[in-house]
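Step one of this worksheet: look at the structure below.
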């Protein structure tokens, strides 16, 4: 799990700003409107819902949690309920949405998170934020609107290299709503640019699941925005506790959706569906397996994953 920073203030995109590829229309927009939004988060049990301390995680690395985070955000796939439109010759890839400080908390050698479409939400001036991130990534070009100005969405796209697979783009968004609007409505062009292949047989990226991975203000904004858009929200919550039952110091917390009466615990069948992969009815295993808790002897912590549906 990536580190959780202090809250970030989000700036919604102006209604006068046109998103990239705004002229794209088609069945994808209608189909994607039903796409669920996943929030994946690790929280302390004591104190309840603690997720951060001084801009980082309040516990040492826990292998079971990190492995689960990587597998879910990379390998899970949308269920076959019509919420995700697939094309022939396509490669499905999930998106991970994060605040700028969460992006910066990832060690440079691991960013962008491999095998996922990284979306960075920022309240910084778009040109500054985009060029700063582009400079640290090799062989990347910034793609903006036709007038050369930075809109509410900018794409940092990798240059094609013969004989090497092209990494997915990194997307910079001026606000969470702009990010979700772009992924919902223009994901095919956003991910692939104008290069579709003359013969129509080139492998193209298609959007799979969308995950929000932090920080605290991004989680809150996602819950509020999903409610206003009537978008299904599925929370994959890793509960973290000390083996000695001690308190875990925290200064940042996840919203308590259950106490507010807006969420309900997911049953095992629902969790299995959320964690489905693309192969033969298979799903990603929970860290605890058939036990109540998964024990990490090295760190002295225990974890278990639950699901909450809103």
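Please treat every number below as a calculation from the coordinates, not as lab data. Source: prediction; values computed, not measured. Cβ: placed from backbone, ideal geometry, glycine included. Neighbour counts: every protein chain shown.
Take every DSSP beta bridge whose two residues both sit in region 27-309, then give the antiparallel share in percent to the nearest 5. Intermediate results must be reported in sequence, preceding the final value.
Values: 27 of 54 bridges.
Rounded to the nearest five, the antiparallel share is 50 percent.
Arranged from fewest to most other beta-carbon atoms within 10 Å of their beta carbon, 259, 181, 65 become 259, 181, 65.
Under the Kirkwood approximation applied to all pairs of distinct alpha-carbon atoms, what is the hydrodynamic radius of region 233-303 in Å?
Roughly 14.7 Å, rounded to one decimal.
When the alpha carbon gyration tensor of region 27-309 is reduced to an equivalent ellipsoid, the three semi-axes, largest first, read 32, 22, 19 Å.
Ordering 231-244, 160-173 by mean Cβ neighbour count within 10 Å, with the highest value first, yields 231-244, 160-173. Among 38, 128, the order by Cβ neighbours within 10 angstrom, fewest to most, reads 128, 38.
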